[in-house]
Amino acid sequence: MYKSPALAGKICLVTGASRGIGKAIAAAAAFQGAMVAINYCHSEQEAAILADSLQKQGLTAALFQADISSTEQVDQMFDEIEARWGKVNLLVNNAGISCKALLTDTSEDDWYQVMDINLKGAYLCTKRAIPSMISARYGRIVNIASVWGISGASCESIYAASKGGLIAFTKSIAKEAGPSGVLVNAVAPGPVQTDMLNCELDDQEIRDLSMQIPLGRLVTPEEIAEVCIFLLSAQADYINGQVITVDGGFLQG
């Protein structure tokens, strides 16, 4: 059981938090008492609706726009968060994009676009956040990976490579920062019912995909958020360098 609220007094940055998994994580963190920095790049209206909803419930949340593939914009975002609340001590690297295509149909631009957001973005945010975490001897970082980063996926070679890289990055930083009290873990969702998936697959393809999962359905963003809150909380104080798969048994199916 959480000591309620589990994240009271913590400053939590969630990247790509305007919708989908990021939105669910940001909301869950706010309900657990964190001051939540809702990062978005383009989806200002959706991010603003989320922040307004949380604020009306007496929770602490604010918007911070940044393209996380830009060092300058990441630095500015962190400066703004620090000026408002203080140093970030909980970081969720969630922002991500996909590229569903055969390898032969992809371009070099596709490669860089996906890698810039999914991997470089996590690198830049982690690099900026971690010095103050190490100084405080406390910090929690959760990276949102994917089962495709573990198993690979046809027509998802670039996306899978980015998530596989994120998993290796997670394990490496966990080894570096663990001795300083900074815990770094990853969550690897299976197929998630989000706008990203709905844009890639039609209804029949989603039904077919669900049938490959032993539990017979896709995971929800809220279920992913619950695992993230656990990893950010004191309940996970001895968990470091792990990849938590939340896929309904998909990889075992």
Note down all Cβ pairs under 7 Å where the first residue falls in segment 168-186 and is of a type in the set (Gly, Ala, Ser), the second is at pLDDT 95 or above and part of a helix (DSSP H, G or I), and they're at least six residues apart or on different chains. Ala177/Ile130; Ala177/Ile134; Ser180/Ile134; Ala186/Leu166; Ala186/Ile167; Ala186/Thr170
Of the criteria (1) within 17 Å of the chain's Cα centre (by Cα); (2) closer than 30 Å to Ser135 by Cβ, which one Asp237 fails: (1)
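Tell me yes or no: at least one residue of segment 111-121 is among the charged types (D, E, K, R) and in contact with a strand residue (DSSP E or B) (Cβ under 7 Å, 6 or more places away or on another chain). Lay out the reasoning, then the answer.
Taking segment 111-121 first, the residues among the charged types (D, E, K, R) are 116, 120.
Filter once more, keeping what is in contact with a strand residue (DSSP E or B) (Cβ under 7 Å, 6 or more places away or on another chain): none.
Within segment 111-121, not a single residue is among the charged types (D, E, K, R) and in contact with a strand residue (DSSP E or B) (Cβ under 7 Å, 6 or more places away or on another chain).
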Given the residues Phe250, Phe230, which is the only one that is within 26 Å of Ala129 (Cβ to Cβ) and either surrounded by fewer than 21 Cβ atoms within 10 Å (Cβ to Cβ) or not β-branched (Val, Ile, Thr) (or both)? Phe230
Would you check which residues across segment 98-116 are in contact (Cβ under 8 Å) with a residue 60 or more places away in the chain and under 19 Å from the mean Cα position of the chain (by Cα) and list them? Ser98, Cys99
Hits in segment 82-122 - residues which are surrounded by fewer than 19 Cβ atoms within 10 Å (Cβ to Cβ), within 29 Å of Gly33 (Cβ to Cβ) and of a type in the set (Gly, Ala, Ser): Ala83, Gly86
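Looking only at segment 28-37, decide whether some residue is in a helix (DSSP H, G or I), closer than 18 Å to Thr194 by Cα and not basic (Lys, Arg). Break it down stepwise before answering.
At the first step, the residues of segment 28-37 found to be in a helix (DSSP H, G or I) are 28-31.
When the remaining residues are screened for being closer than 18 Å to Thr194 by Cα, the result is 28.
If we keep only those that are not basic (Lys, Arg) too, we end up with 28.
Yes, segment 28-37 has at least one match.
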Can you tell me which residue in segment 225-240 is farthest from Asn185 (Cα to Cα), limited to those that are in contact (Cβ under 8 Å) with a residue 60 or more places away in the chain and not in a helix (DSSP H, G or I)? Ser233
Select from segment 1-33 the residues that are more than 15 Å from Val142 (Cα to Cα), modelled with pLDDT of 95 or more and of a type in the set (A, V, I, L, M, F, W, C) and list them in ascending order. Ala6, Ala8, Ala27, Ala30, Phe31
Among (1) out of contact with any helix residue (DSSP H, G or I) (no Cβ under 6 Å at 6 or more places or on another chain); (2) buried (at least 18 other Cβ atoms within 10 Å of the Cβ); (3) modelled with pLDDT under 95 - the single one Asp203 does not satisfy: (2)
Being surrounded by fewer than 16 Cβ atoms within 10 Å (Cβ to Cβ) and touching an Asp or Glu at 6+ places or on another chain (Cβ under 8 Å) is the filter here, so list the residues in segment 46-72 that pass it. none
Confirm whether Leu197 is more than 13 Å from Val142 (Cα to Cα), surrounded by 16 or more Cβ atoms within 10 Å (Cβ to Cβ) and under 20 Å from the mean Cα position of the chain (by Cα). yes
What number of residues within segment 172-194 satisfy the criterion of being surrounded by 17 or more Cβ atoms within 10 Å (Cβ to Cβ) and more than 23 Å from Lys23 (Cβ to Cβ)? 5
Filter segment 163-200 down to the residues that are of a type in the set (Ser, Thr, Tyr) and either farther than 22 Å from Leu119 by Cα or modelled with pLDDT under 95 (or both) and list them by number. Ser180, Thr194
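Restricting the search to segment 165-224, which residues are of a type in the set (S, T, N, Q) and in a helix (DSSP H, G or I)? Give the steps one after another, and end with the answer.
Residues of segment 165-224 of a type in the set (S, T, N, Q): 170, 172, 180, 185, 193-194, 198, 204, 210, 212, 220.
Once the filter is applied, which keeps residues that are of a type in the set (S, T, N, Q) and in a helix (DSSP H, G or I), segment 165-224 yields Thr170, Ser172, Ser180, Asn198, Gln204, Ser210.
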Provide a single number: the residues in segment 187-220 that are touching a strand residue (DSSP E or B) at 6+ places or on another chain (Cβ under 8 Å) and either β-branched (Val, Ile, Thr) or in contact (Cβ under 8 Å) with a residue 40 or more places away in the chain (or both). 8
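The values are calculated or read from the model by the stated rules, or taken from the named source; none is laboratory data. All values derive from a computational prediction rather than experimental measurement. Please note: Cβ atoms are built from the backbone with ideal geometry, for glycine as well, and neighbour counts cover all protein chains shown.
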